[in-house]
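Participant: Attaching a single structure in structure tokens format; questions to follow.
Every read-out reported here was derived from the displayed coordinates using simple, explicitly stated rules and does not represent laboratory data. What you are looking at is a predicted structure, and each value in this text was computed from that prediction instead of being measured. Don't worry about glycine lacking a Cβ; one is built from the backbone with ideal geometry, like all the others, and counts go over all protein chains shown.
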Amino acid sequence: MWDDLNDRLDDLRRRGRMRRLHPRRIEGVDLIDQSGRRLINFGSNDYLGLASFLASKTMRVDSVGARASGLVCGWTDRHQLLAEKIAEFERTEAAVVFPSGFAACSGTVSALCRQGDLILSDELNHASLIDGCRLSKADRMVYPHRDVDSVARLLSQHRKQHRRVWIVTDSVFSMDGHVAPLRELCVVASDHDATLIVDEAHGTGILGDRFSGACESLGVKDQVPIRIGTLSKALGGQGGFVACPRVVAEFLVNHSRPLIYSTALSMSAVESAIVALEHPGEIRRRRDLVCAMSRQLRSQLGLACPASESGIPIIPIPIGSDADAVAASQRLYESGMFVPAIRPPTVPEGQARLRISLSADHNTEMLGRLIEGLPSF
Ligand SMILES: Cc1ncc(COP(=O)(O)O)c(C=O)c1O
């Protein structure tokens with residue numbers, strides 16, 4: 001009955017691409033594997049170490065689930081408070097809270113972009129934006145990674161034939177630590193009457209004076225009307241949000257399918273996000289720490305990058321082949337460190353890599369061990 005699925009799994013096995021879920025325990029910055037072995041974890045997106053901090057600060061909830069979709073009765077006064085706090089944090093008119101960052105990205109793009117529109121999408125955009133593009137009925141064009149000239153060219157050629165054009169991009173690319181050229185994209189968007197949608201999943205909590213993301217650090221917040229963020233990475237919780245004008249928020253509440261047809265964000269996630277946003281001093285302290293460590297590690301490894309990217313706690317180590325990346329990750333594992341090997345389809349063919357994620361809970365000694373264990377590249 002399942003021959004077709006087994007054939008496809010065999011194909012993955014043959015190509016060394018079969019993946020499994022490994023049950024692990026996480027304690028702060030330690031990862032404990034199934035055999036009880038303790039490793040330093042360089043694989044988490046909990047960049048600020050807020051996940052454990054919030055567990056100790058979040059008040060007990062008397063219900064875990066939100067019990068229904070927001071539009072039925074799942075939207076509580078606490079969800080409303082969280083949305084208001086996010087809007088204040090983002091300095092936007094409104095914010096919409098989604099059950100996950102993935103749902104926020106796919107549900108926003110698929111709802112806003114419609115037939116007769118054109119979407120221009122960076123080739124390295126996250127799967128959630130790609131799915132949003134695919135689900136929408138708009139025409140879609142993928143431009144080479146961060147290539148603003150290509151965007152300008154596509155706009156010159158195709159703008160007139162479309163009602164609205166959307167430029168969709170991650171702000172910080174999750175597998176590269178690159179920042180999108182948002183200033184230049186804003187200029188091109190303004191020249192051609194296009195609208196930017198930016199996914200700040202890895203920028204939120206990290207970039208900018210008020211740590212709201214790359215749009216803030218690059219001074220283009222006012223030119224990017226729709227910014228998507230997640231509560232699940234630097235903010236240490238779970239859930240996603242869209243910071244946007246009120247009319248866009250009202251539109252999403254009425255048209256975004258993952259919002260309408262899914263139970264609202266759980267009460268425990270709502271409470272922990274509220275606590276996170278009520279601790280800006282803690283976020284700033286931890287953000288400053290992790291960004292300083294990222295700069296230090298990049299400099300010790302001799303990895304050159306623009307100043308705007310040097311503090312980003314995502315540090316890819318290029319390897320090339322899948323087998324070499326897995327072997328390098330395994331060697332680190334044997335030395336007591338977890339650094340995941342990232343392979344296609346997450347990254348393009350031939351560009352397998354180690355992806356180091358730093359946390360504010362790492363320290364100089366841990367970085368020293370990591371540097372010793374890394375392959376030369
Ligand atoms: C760039 C980007 N956008 C969106 C998401 C989805 O966020 P969440 O994990 O909150 O669903 C991720 C998560 O991996 C991501 O890396």
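Participant: Dividing the Cα radius of gyration by the Kirkwood radius, what Rg/Rh value follows for segment 61-278?
Facilitator: Ratio value, two decimals: 0.96.
Participant: With an 8 Å cut-off on Cα pairs and a minimum separation of 6 or more residues, tell me the relative contact order of segment 12-74 in percent.
Facilitator: Here the relative contact order equals 15 percent.
Participant: Related question: Grab the beta carbon distance between residue 303 and residue 158, set R0 = 35 Å, and tell me the FRET efficiency rounded to 0.05.
Facilitator: My answer for the efficiency is 0.40.
Participant: Given the options 62, 222, 11, which has the most mean-square fluctuation in a GNM of the chain, springs set between C-alpha atoms less than 10 angstrom apart?
Facilitator: 11
Participant: Taking neighbour counts of Cβ atoms within 10 Å as a proxy for exposure, in what order, fewest first, do 286, 210 appear?
Facilitator: On the way: 286 24, 210 15.
Going from least to most buried by this count: 210, 286.
Participant: Which order do the peptides 326-332, 70-76, 180-186 take when ranked by the mean count of other beta-carbon atoms within 10 Å per residue, highest first?
Facilitator: 180-186, 326-332, 70-76
Participant: Computed FRET efficiency, Cβ-Cβ of residue 59 and residue 1, R0 56 Å: what is it to the nearest 0.05?
Facilitator: 0.70
Participant: Right, another one. Residue 81 versus residue 365, label points 7 Å from Cα toward the beta carbon: distance in nm?
Facilitator: 4.0
Participant: With a cut-off of 8 Å between alpha carbons and a minimum separation of six or more residues, what is the relative contact order of the chain in percent? Working shown, then result.
Facilitator: Numbers: 741 pairs, mean separation 84.6, N = 377.
Averaging sequence separation for qualifying contacts and normalising by length gives 22 percent for the chain.
Participant: Continuing with the same structure: Take the residue pairs 57/221; 85/137; 57/85; 85/233 and return only those whose Cα atoms are more than 28 Å apart.
Facilitator: 57/221; 85/137
Participant: With an 8 Å cut-off on Cα pairs and a minimum separation of 6 or more residues, tell me the relative contact order of segment 61-278 in percent.
Facilitator: 30
Participant: Here's another thing I want to ask about it. Among 306, 141, 244, whose Cα projects farthest towards the positive end of the dipole of the chain, with charges put on the beta-carbon of Lys, Arg (+1) and Asp, Glu (-1)?
Facilitator: So the residue we want is 141.
Participant: Could you give the nm distance between label points at residue 10 and residue 247, where each point is 7 Å from its Cα heading toward the beta carbon?
Facilitator: 5.7
Participant: Could you give the nm distance between label points at residue 52 and residue 69, where each point is 7 Å from its Cα heading toward the beta carbon?
Facilitator: Label-label distance for residue 52 and residue 69, simple model: 4.0 nm.
Participant: Hey, another quick one. Tell me, Kirkwood radius of segment 21-131 from alpha-carbon pair distances, in Å?
Facilitator: 17.9
Participant: Using only the alpha-carbon atoms of the chain, report the extent along each of the three principal axes, biggest first, to the nearest angstrom.
Facilitator: 55, 55, 52
Participant: By per-residue mean of other Cβ atoms within 10 Å, what is the highest-first order of 40-53, 241-254?
Facilitator: On the way: 40-53: 22.4, 241-254: 19.4.
Answer by packing, highest mean first, reads 40-53, 241-254.
Participant: Report, for the chain, the % of DSSP beta bridges that are antiparallel, rounded to 5.
Facilitator: Numbers: 25 of 45 bridges.
Within the chain, antiparallel bridges account for around 55 percent of the total.
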